[in-house]
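The structure under discussion appears below in the form of structure tokens.
Every number here is computed from the coordinates shown, using simple stated rules; none is lab data. Note that the structure is predicted; figures quoted are calculated from it, not measured. No Cβ is skipped: glycine too gets one built from the backbone with ideal geometry, and neighbour counts run over all protein chains shown.
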Amino acid sequence: MAEKKSFTLAELANLTNSLVIGDSSAVVDNLATLENSSDTSITFLANSKYTKFLKTTKARAVVVHANFNLDTELNYLKSEDPYIVYAKLSVLFKEPSFELDTHSIHPTAVISNEAIIGNNVSIGANVYIGPGCDIEDNVVIRANCSLVRDVYLGKNSIIQHGSVLGSDGFGYAPSKDGYVKIEQIGKLIIGSNVEIGAGCTIDRGALGNTEIHDGVKLDNQVHIAHNVILGKNSAIAACCAIAGSAVIGKNFQMGGLSGVLGHLSICDDVIIGAHTLITKTIKEAGNYIGIMPAQKQQDWAKSSIFIKKRI
């Protein structure tokens, strides 16, 4: 078992660009919530509604905003962005993984002779990497993923367990005898510093390419259809779907269980609330939401009549 990590507050302040208020020699060996901390924990306060827990927390130190008014007898790390400090601390206190994630290829992985694998790439158990795939340096691909074909994966990206990249898009031509399959002959281009959550599916293009630009973060169970372009530094929560040929700008954020219809354009800096379906092109940055709170069936029937009249 690996030795437990510990740091003085002075060390953590240096590593996270924070300022120590209190005992800089105090030692912490774990990261915890305000409610569940121990006397060797460091915790953080990024949301003011949790301020009440400062009176009862057992933590040795708390990360707070630089403007926070200190009114309890605790040690602090002050920062302009406590949540970023929390993110950095999570890396420092992460337990060693039992997976093969130290730049290795699991013996059960199947890799095409037509694929290119860069340096320091980690490939987990039962991964399939098909022909035409090009994996850049410092990429981690967790167990049970499939990169079907013609997938380019940029540097420092992470693919979580069970995701399928470069699969066939949903393309069929209707005929009197049923549906005729349209072969998907485009590629999937994924940029650098991208993280794709568990159980995601991203289709390669039908003719052109599907593009996921640098810095994109996808939660679990997100589906992105063929020929979608998803802009730089976008973040999408779980169980969302983007239909084919949608073009989305940078810094896009989408709450869980939301969707974007196909062939739409969305400009930069748009935020979509949870449970929202985008049905029209968006040309102006801002927050958009279309959620309807749950209510009794008879009340919903009345509300729907009002909505129809308003439309």
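Between S245, S38, S104, the residue with the greatest mean-square fluctuation in the GNM of the chain (Cα pairs under 10 Å linked by springs) is S38. Shape class for the chain, computed from the alpha carbon gyration tensor (a ≥ b ≥ c): oblate, with a/c not under 1.5 and a/b at or below b/c. Once divided by 2.2 N^0.38 Å, the Cα radius of gyration of region 100-227 becomes 1.05. Placing a label point 7 Å from the Cα of Q253 along the Cα-to-Cβ direction, the residues of region 263-292 whose backbone N falls under 14 Å of that point are 269-274, 286-289. In this simple spin-label model, placing a label point 7 Å from the Cα along the Cα-to-Cβ direction at both I271 and L19 gives a separation of 2.8 nm. Extension gain, K302 to N119: 0.36 nm times the residue separation minus the Cα-Cα distance gives 59.8 nm. Over region 1-51, the ratio between the Cα radius of gyration and 2.2 N^0.38 Å evaluates to 1.22. When +1 charges are put on Lys and Arg Cβ atoms and -1 charges on Asp and Glu Cβ atoms, the dipole computed for region 241-311 relative to its Cα centre reaches about 400 debye.
Positive end of the dipole of the chain (Cβ unit charges, origin at the Cα centre): among L45, I135, A32, the Cα lying farthest that way belongs to L45. Pick from K181, K49, K283 the residue whose mean-square fluctuation is largest in a GNM of the chain, springs joining Cα atoms under 10 Å. Its mean-square fluctuation being the largest, the pick is K49. Net charge of the neighbourhood of V148, taken over other residues with C-beta under 14 Å away and scored Lys/Arg +1, Asp/Glu -1, is -3.
Let's test the formula: R0 of 45 Å, r as the Cβ-Cβ distance of S112 and N36. What FRET efficiency results, to the nearest 0.05? Efficiency at R0 = 45 Å is approximately 0.45. Within the shell of other residues whose beta carbon sits under 14 angstrom from the beta carbon of A285, the net charge comes to -1, with Lys and Arg scored +1 and Asp and Glu -1. In a simple Cβ point-charge model (Lys, Arg +1; Asp, Glu -1; nothing else charged), the chain has a dipole of about 1300 debye relative to its Cα centre.
Summarising the overall dimensions of region 7-92 from its C-alpha atoms, the Rg and Dmax are 11.1, 29 angstrom. Taking 12 Å as the cut-off, the amide N atoms of region 67-98 that come nearer than this to a point 7 Å along the Cα-to-beta-carbon line of A46 belong to 81-91.
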